[in-house]
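One structure is given here, and the rest of the page talks about it.
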Amino acid sequence: MASAIEIKQKNRKNVLRVIYEEKKISKAEISKRLGLSMPTVTQNLSELFDKELICINGTFDSTGGRKAKAIGFNADARFAIGIDITKNHISGVLINLYGEIVYSVRLRFRFEESDIYYREIAKLISHVMEKGMVGATSILGVGVSIPAIIAEDGKTVTYSSIIAATNLYENLKDYIDFPYVMMNDANAGGYAELWHAKMVKNMIYLSLSNSVGGAVLMNNEIYYGDRMHGGEFGHMTLEINGKQCYCGRKGCADVYCNAQNLSNLTDGDLGKFFELVDTGEKKYVDEWKKYMQYLAVMINNIYNVLDCDVVLGGYVGGYMEKYLDELRRMVSERCTFATDGSFIKPCFFKHESSAVGAALYFVDKFIEEI
Ligand SMILES: [Zn+2]
């Protein structure tokens, strides 16, 4: 099935370009107008049309006779919802089959194991569907991203110290009317970045939010490790006997590179912190330099082990573009192997990468099954 193979290709934006005429046409007519005697191809085209996975999206220049129409992949044939749960916020996104955000929203709502909280999630799901003008039959599923380590089954929480989410999968049962899975937030964010990166097979994703996490993406897949702890860069030791980490140990990268180190200086407003850095005010510039030094050590350590692109995401990653040259210089000075630091990349998603990545689980599954 040529079309399905193309859809599965890495660059999903260049899917399916064949000549076709109009919708709801008979298979015999498709063959005639295509000028092909390939029943398998036409049968497959017809099936894709019936599933509304392809649609007319333009015309080709005429080479004599009627202009041939072009058809393309219909990215809006199905949608998936992503929910990102953090300690103090819930985000909801609706994405199409290209992984593009159709609608997204973020609201402040502190996590708690309660009926009120779960009802808020149910309301958010209805809200994104309403705003995206999408009916229930078009929804493939709901991916739920949480700051916790999840077992391979996508249900069992094996480690969770930021939110008390041990029974979350079971608790959501009565509030989500679609198939749903849970994903670690950093793995989900990394997966979203990998989906949008072109010609990249291996990538490290660093999530620099109010906690520091990460994902190892090898051969276009998330590497979870033998015990699902892969990519937990936040708990690499940066200082022997350093500051206390929430995990109970000392000197972890999380302590020095979490976004709150910066936003706490401006009443929780990270954007404000960077505005003040740009004014050159010493207090903020010094803090930012200190932060970048630890970040450069962390990146250098990762690069020495895994030798691939490092994408900076999370809250701080969203502001990184402007300071990238300086960070690259700091890393290249530290690095044993000659590098200009260009392997350090800014993230594609400035917001909501985790919600998108969680939703992509269902898009991927759907495409695999076409
Ligand atoms: Zn730690």
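The values are calculated or read from the model by the stated rules, or taken from the named source; none is laboratory data. Note that the coordinates shown come from a computational prediction; the quantities given were computed from them, not determined experimentally. Ideal geometry is used to build each Cβ from the backbone, glycine not excepted, and the neighbour counts take in all protein chains shown. Ligands, DNA and RNA are excluded from the accessible area calculation, which covers all protein heavy atoms including side chains. Shrake-Rupley method; radii C 1.70, N 1.55, O 1.52, S 1.80 Å.
Looking at the calculated P(r) for region 58-104, what percent of the C-alpha pair distances fall above 18 Å?
Considering region 58-104, 54 percent of its Cα-Cα pairs are separated by more than 18 Å.
Rounded if a/c is under 1.5, else prolate if a/b beats b/c, else oblate: with a ≥ b ≥ c from the C-alpha gyration tensor eigenvalues square-rooted, which is region 279-370?
oblate
Counting chymotrypsin sites (Phe, Trp or Tyr not before Pro) as exposed when in a DSSP loop with at most 12 other beta carbons within 10 Å, what is the longest stretch of the chain free of them?
Value returned for the longest uninterrupted segment is 61-336.
Hey, rough spin-label estimate for His229 and Glu369, points 7 angstrom out along Cα→Cβ, what's it come to in nanometres?
In this crude spin-label approximation the distance works out to 3.5 nm.
At 0.36 nm per residue, and after removing the present C-alpha to C-alpha distance, how many nm does the segment from Ala151 to Thr237 gain when stretched out fully?
28.5 nm
Relative to the present Cα-Cα distance, how much length would full extension add between Ala70 and Glu281 at 0.36 nm per residue of separation?
70.3 nm
Kindly report the accessible area of the chain per residue (heavy atoms of protein chains, probe 1.4 Å, no ligands, DNA or RNA), in Å².
49 Å²
Along the Cα-to-C-beta direction of Ser126, a point sits 7 Å from the Cα; which residues of region 78-94 have their amide N less than 20 Å from that point?
Within reach of a label on Ser126: 80-84, 90-94.
Projected area of the chain, taken from the Cα convex hull and averaged over every viewing direction, in nm²?
With every direction weighted equally, the projected area is 22.0 nm².
What figure in square angstrom, to the nearest 10, would you give for the accessible area of Ile222 with a 1.4 Å probe?
My reading of the accessible area for Ile222 is about 20 Å².
Okay, helix-only estimate at 222 nm for the chain: each DSSP H run of n ≥ 4 adds -39500 (n - 2.57), divide by all residues, round to 500 deg cm²/dmol; what do you get?
-11000 deg cm²/dmol
Which shape class, rounded, prolate or oblate, goes with region 228-332 when its Cα gyration tensor gives a ≥ b ≥ c as root eigenvalues, a/c under 1.5 marks rounded, and past that a/b bigger than b/c marks prolate?
Note, shape of region 228-332 comes out oblate.
Percent of accessible area on the chain owned by carbon and sulfur, 1.4 Å probe?
Heavy-atom surface of the chain belonging to carbon and sulfur, 1.4 Å probe: 48 percent.
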